[in-house]
Amino acid sequence: APSVAGLARWVESGVVGGRVGVGVRERPAMIPLSYAQRRLWALGKLADTGPLYHLSLATRLHGTVDRDALEAALADVVTRHESLRTIHPETDGVPHQVILDPDTARPRLGVLEVRPEEAERTADAVRAEPFDLTAEPPLRARLLALGPEEHLLVLVLHHIAGDAGSVRPLVRDLSAAYAARRAGEPPQWQ
């Protein structure tokens, strides 16, 4: 558009490059996988990829950890992000997405009592644990309790639901939700 006013009208019209803008649409009965998801799904069917497509984050938590608040914060994040509560079953050989109800997909924070010298080996085992993408949401969380005030939080996200760019928003949202839950409140998302 040759002017700012013309550009504003163009943007407000919702048509960008000849396409209709993003908006809420009715979902089909069987939600197809994206091309990238289909590739990952097929690779998983063809071979045991192990943890090759697992994104993991391990962070040390010092001080007292409110386990109930952390589990509630994980549920808040899974409720907010549908991709974290989506399974990928197949019907007649065709994979599709099923977005689970937040209560059904509510993650359980597995807590493992671990000696500090076993922390790395245990974290590696958590990272390597396979996902059953046909029946299991693609996010796993384990809290390794190394002592009363020393913990290692291990998050594992299957690449079918995220990529390296997903880690920052995941951590940001989990941190905000945990702070809110520790204060006895649900998170106030923008």
Worksheet entry | Which numbered condition residue 168 misses (of (1) open to solvent by 50 Å² or more (accessible area, probe 1.4 Å); (2) assigned to a strand (DSSP E or B)) | (2)
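May I ask you to list the residues in the range 69-93 that are in contact (Cβ under 8 Å) with a residue 12 or more places away in the chain and of a type in the set (Asp, Glu)? Break it down stepwise before answering.
Of the residues in the range 69-93, the ones in contact (Cβ under 8 Å) with a residue 12 or more places away in the chain are 69-91.
Within the range 69-93, 71, 76, 82, 90 meet the criteria.
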Discussion item. Between 100, 40, 52, 33, which is among the hydrophobic types (A, V, I, L, M, F, W, C), at pLDDT 90 or above and closer than 20 Å to residue 173 by Cα?
Written reply: 100
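In the range 177-190, which residues are crowded, with 18+ Cβ neighbours inside 10 Å and part of a helix (DSSP H, G or I)?
Of the range 177-190, the ones crowded, with 18+ Cβ neighbours inside 10 Å are 177-178, 180-181, 187.
Within the range 177-190, 177, 178, 180, 181 qualify.
Quickly run through the range 86-125 and pick out the residues that are of a type in the set (Ser, Thr, Tyr), surrounded by 15 or more Cβ atoms within 10 Å (Cβ to Cβ) and over 18 Å from residue 159 (Cα atoms). Even if it seems obvious, please write down each step before you answer.
As a first pass, look at the range 86-125 and keep what is of a type in the set (Ser, Thr, Tyr): 86, 91, 104, 122.
Now narrow it down to the ones that are surrounded by 15 or more Cβ atoms within 10 Å (Cβ to Cβ): 86, 122.
Selection gives 122 alone.
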Fill in: Elements of type helices (runs of 4 or more DSSP H) contained in the range 1-81, each with 3 or more residues being surrounded by 11 or more Cβ atoms within 10 Å (Cβ to Cβ) and in contact with a strand residue (DSSP E or B) (Cβ under 7 Å, 6 or more places away or on another chain)
67-80
Discussion item. Could you list, ordered by first residue, the pairs with Cβ atoms under 6 Å in which the first is in the range 125-143 and touching a residue at least 24 places away in the same chain (Cβ under 8 Å) and the second is in a helix (DSSP H, G or I) and open to solvent by 50 Å² or more (accessible area, probe 1.4 Å), at least 6 apart or interchain?
Written reply: 127/51; 128/51
Discussion item. Pairs please, first residue from the range 44-58 and small (Gly, Ala, Ser), second anywhere and surrounded by 16 or more Cβ atoms within 10 Å (Cβ to Cβ), Cβ atoms under 6 Å, 6+ apart in sequence or on different chains.
Written reply: 56/127; 56/156; 58/123; 58/152; 58/154
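Here is a list: 133, 146. Which entry is surrounded by 14 or more Cβ atoms within 10 Å (Cβ to Cβ), outside any loop (DSSP other than H, G, I, E, B) and either modelled with pLDDT of 95 or more or within 14 Å of the chain's Cα centre (by Cα) (or both)? Please lay out each step first, then the result.
Values: 133 fails: outside any loop (DSSP other than H, G, I, E, B).
From the options 133, 146, the qualifying one is 146.
The values are calculated or read from the model by the stated rules, or taken from the named source; none is laboratory data. Bear in mind the structure is a predicted one, so any value in this text is a computation, not a measurement. Heads up, the Cβs are rebuilt from the backbone with ideal geometry, glycines too, and the neighbour counts pull from every protein chain shown. Heads up: the accessible areas ignore ligands, DNA and RNA and are worked out on the full protein's heavy atoms, side chains in. Shrake-Rupley method; radii C 1.70, N 1.55, O 1.52, S 1.80 Å.
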